[in-house]
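Participant: Submitted below is the structure of interest, expressed as structure tokens.
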Amino acid sequence: MDKADPALRVESAAPGYSLEVLAGLSPHAVAREVARLEAAAVADLAGRFGAEFDRAVELLAALAGRLVVAGAGKSGLLAQRLAATLTATGTPAIFLHPADAVHGDLGVVRADDAVLLVSKSGETEELARLVPALERIGVPLLLLTGNPGSALARAASIVLDHGRPREACPHGLAPTSSITAAGVVGDALAVALMLRRGISVRDLALLHPAGLVGRSATTPVRAVMHHGADLPAIAETATLREALGEIVSKRLGMTTVVDGEGRLAGVLTDGDLKRILLRYAEPLALRVRDVMTAGPRTIDSGALIADAVRAMEENEPGPITSLVIVDEAGRPRGVVHLHDCLRPARG
């Protein structure tokens, strides 16, 4: 690949980030530089969210119509994704291509809508052509840009500035860091609107009647738990060898441990077994009660799959892969595994 014309190349402020230096790096080293630059672009956003962002959220939360999102080129692709994310999280939005808009599709914009233009430069000619017509319709105009002093910014009532981060492109031209930053601002807008509108898990289920999101938001844990003959259970007086046989036969990577009354006393997992093998000279003769994890995490059988996944991922001191379902007397009635929660529904 030819090197860029020096007159066009934007030199990086990052030490050593130049075509000459990058050309001598391995692909994975280049990837690390890209990740570092894009992470810096996202970190810079924290100081850019303020009153203007609040105004955008309040305006869109009170909107009677839809948010029409428009952009050209790479910003147009981002605008499509943003419209889809907003719609999926409770804020009705559509994408409008500026070229189609000036050939009749501007008719989709209604007086009770708002329009969000996405333009890194704030000078995109295709979007600028829409401004006079949008002003005649009288819709609020928002702009997501890296240039708050641009012509489009002057026409907009609200400007969301994603900054002008150093592009990861070694020529400083292809949208890389900037498109990442703009996407994060869009995601932040969608999440803030979810919270402002009070969108719940069950609301999301109505928006996602099919697929993993809908299944997680509507299906109770008891529908996917392992129970009856498939429930791994071992007495706390059993040996580790017996517990190992139960773990292997039930294929969940764990077993519940019950006391003499059948109540849940603890759990024993594959990870526990590895630690035990390293610690004890004769581990298989040990009693399970001496090495089990007491007081394991449990969940109600009526809880949603989404709740189970959250409980497993947010467990302290670290994530786990299974939860035990117990009855009123504290007896284990089932085990739900993370893999079962994330498995697509069968049609």
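This table checks each residue for (1) of a type outside the set (D, E, K, R); (2) under 18 Å from residue 245 (Cβ atoms).
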| site | (1), (2) |
| --- | --- |
| 275 | no, no |
| 278 | yes, no |
| 282 | no, yes |
| 285 | yes, yes |
| 289 | no, yes |
| 299 | yes, no |
| 309 | yes, no |
| 313 | no, no |
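Participant: Which of the numbered conditions does residue 312 fail, given that it passes all the others? Conditions: (1) within 21 Å of residue 227 (Cα to Cα); (2) outside any helix (DSSP H, G or I).
Facilitator: Of (1) within 21 Å of residue 227 (Cα to Cα); (2) outside any helix (DSSP H, G or I), only one is false for residue 312: (2).
Participant: Please determine, by comparing only the residues of region 321-342 that are free of Cβ contacts under 8 Å to residues at least 24 places away in the same chain and not in a helix (DSSP H, G or I), which one is surrounded by the fewest Cβ atoms within 10 Å (Cβ to Cβ).
Facilitator: Selected residue: 328.
Participant: I've got another one for you. Looking only at region 23-35, how many residues end up being under 24 Å from the mean Cα position of the chain (by Cα) and exposed (fewer than 15 other Cβ atoms within 10 Å of the Cβ)?
Facilitator: Number satisfying all stated conditions: 3.
Participant: Checking residue 268 against (1) in a strand (DSSP E or B); (2) touching a residue at least 60 places away in the same chain (Cβ under 8 Å), which single condition isn't satisfied?
Facilitator: Failing condition for residue 268: (2).
Participant: Okay, moving on. If we scan region 239-251, do we find a residue that is touching a Pro at 6+ places or on another chain (Cβ under 6 Å), in the same structural domain as residue 336 (by TED's automatic domain parsing), touching a residue at least 12 places away in the same chain (Cβ under 8 Å) and under 14 Å from residue 340 (Cβ atoms)?
Facilitator: Yes, the conditions are met somewhere in region 239-251.
Participant: Please state which one of 325, 320, 299, 305 is more than 26 Å from the chain's Cα centre (by Cα), of a type in the set (A, V, I, L, M, F, W, C) and assigned by TED's automatic domain parsing to the domain that holds residue 250.
Facilitator: That would be 325, the only listed residue that is more than 26 Å from the chain's Cα centre (by Cα), of a type in the set (A, V, I, L, M, F, W, C) and assigned by TED's automatic domain parsing to the domain that holds residue 250.
Participant: List every residue pair whose Cβ atoms sit under 8 Å apart, with the two residues 6 or more apart in sequence or on different chains, where the first one lies in region 153-166 and is under 23 Å from residue 139 (Cα atoms) and the second, anywhere, is outside any loop (DSSP other than H, G, I, E, B) and among the basic types (Lys, Arg).
Facilitator: These pairs meet every condition: 158/55.
Participant: Select from region 138-188 the residues that are more than 22 Å from the chain's Cα centre (by Cα), of a type in the set (A, V, I, L, M) and surrounded by 15 or more Cβ atoms within 10 Å (Cβ to Cβ) and list them in ascending order.
Facilitator: Matches in region 138-188: 139, 141, 142, 143, 151, 152, 153, 155, 156, 158, 159, 168.
The values are calculated or read from the model by the stated rules, or taken from the named source; none is laboratory data. Remember, it's a predicted structure, so these values are computed and weren't measured experimentally. Cβ: placed from backbone, ideal geometry, glycine included. Neighbour counts: every protein chain shown.
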